Amino acid sequence: MQLIAFKHRPILAKMLANKLKLKISWAELDHYAAGELKVIAPQKVARQVTIVADVEEDPASLVSLLLLAAALRSSGARHLTLVAPWMAYGRQDRVDKPGQTPAGLVVAKVLGHSFDRIITLDAHSPTFIKAFGKKLVNVLPIPPLLPPLIKGARGYLIAAPDRGATERAKRFARALGLPWIVIEKHRGSKGVWSKISRSDLPKVKLANVLIVDDMADSGGTLVSAAKVLRRAGAKHVEVYVTHVMDMPKLKTALKGHVSLIRTTYDHKSHKLSLLILSELVKKLA
C-alpha cells in the first residue's frame, strides 16, 4: 500500500505513517496564473493507494482531493482509499427551505464515485452515511476507546445537547452503564435556547453530567445545554466532543459553564487521539 498526502497538510499523515511504518509520498497543490487549482501527484503510483486528507470547509479541499484521485487513477492506481477523519458539509444532510441543496449528500456521492473506500471519524448522521453508497467506514469513538473518559464518567448522567445527538448519547450511556437524557434545542430570534423535559428534571438535580456531541465550532449549542443543566440543579458539567474546530476558542466560549472539555480530534492542531488512530489503522487492514 502506498500512502499519499498533501504536503501542506502533513501532521495527520505523519501520525498515520508512523503507526503503519510506511513512508509518505507527497502530493503538491499549486495554482495556474488565472487561479485554478493544480494538483501535482507523485510520479510513482502503486496499484493500491491510501490518501490521508480531511474534507475541509474550504471547497478547494474537496476539489483538490478529486483532482488527486483522478491523477492517481490515470497513473495506474486501481484501488483508492481515503482516510478523512473529518468530513465537512455532513451537517447539511436535509433541505430546510425550498431551493436549498443538501450539500452533504452531494459531497458524499461525489467522493463515493472517486474512491473505492472511505474511512472517517464519527460521521454526522445516518442520512449522510447512507449517501456514500456503502463505501463509508464510520469509526465511532465509543467509550472503550477512551479510557480516561470511562474512568472519569462513572456515576455520571449522559446528556445529548439536542435531538441530533440522541443516538450518540444512548451509545455512550449503554457502554458505560449510565442513565441518559436528551436536551431539546430551539432556535429563536435571540439565538439558541435549550429545555429539559419535566420527566428528566429529577435526573439532573445534583447530578454530574457529561454532554456528548460529534462536533463543536462556536460552542453555542453546548453553552445553551450547559446553562439549562446548571439551572436545573446539575452539580458538575463536562463535555466530550469528537471534533473540535478550535479548542482554545471553545474553552473560552464554555468558560464558567463547564468544568472540563475533552476531544478526540482537535482540528486547529490536526492532532488525533492515538487510540482512535489505532482504530483507523485497523480499518485499513
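The values are calculated or read from the model by the stated rules, or taken from the named source; none is laboratory data. None of these values were measured; they are calculated from a predicted model. Please note: Cβ atoms are built from the backbone with ideal geometry, for glycine as well, and neighbour counts cover all protein chains shown.
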Of the listed residues (Val137, Val95, Val107), the one being surrounded by fewer than 17 Cβ atoms within 10 Å (Cβ to Cβ) and aliphatic (A, V, I, L, M) is Val95
Among residues of the stretch 110-125 being of a type in the set (Gly, Ala, Ser) and under 25 Å from Val212 (Cβ atoms), the residue surrounded by the fewest Cβ atoms within 10 Å (Cβ to Cβ) is Ser125
With respect to Asp266, determine if the residue is more than 21 Å from His124 (Cα to Cα) and at pLDDT 90 or above. no
* Can you find even one residue in the stretch 219-229 that is buried (at least 24 other Cβ atoms within 10 Å of the Cβ), touching a residue at least 40 places away in the same chain (Cβ under 8 Å), β-branched (Val, Ile, Thr) and not in a loop (DSSP other than H, G, I, E, B)? -> no
Checked against (1) over 19 Å from Lys190 (Cβ atoms); (2) of a type outside the set (Val, Ile, Thr); (3) touching a residue at least 24 places away in the same chain (Cβ under 8 Å); (4) part of a helix (DSSP H, G or I), Leu210 satisfies every condition except (4)
Across the stretch 269-282, the tally of residues that are at pLDDT below 90 and among the charged types (D, E, K, R) stands at 1
From the option list Ala33, Ala27, single residue qualifying as touching a residue at least 40 places away in the same chain (Cβ under 8 Å) and assigned by TED's automatic domain parsing to the domain that holds Gly133 is Ala27
Counting only residues in the stretch 126-169 that are in a helix (DSSP H, G or I) and of a type in the set (D, E, K, R), the one modelled with the lowest pLDDT is identified as Lys151
Here the qualifying pairs (Cβ atoms under 9 Å; residues six or more apart or on different chains; first in the stretch 39-61 and on the phi < 0 side of the Ramachandran plot; second crowded, with 19+ Cβ neighbours inside 10 Å and acidic (Asp, Glu)) come out as Ser61/Asp54
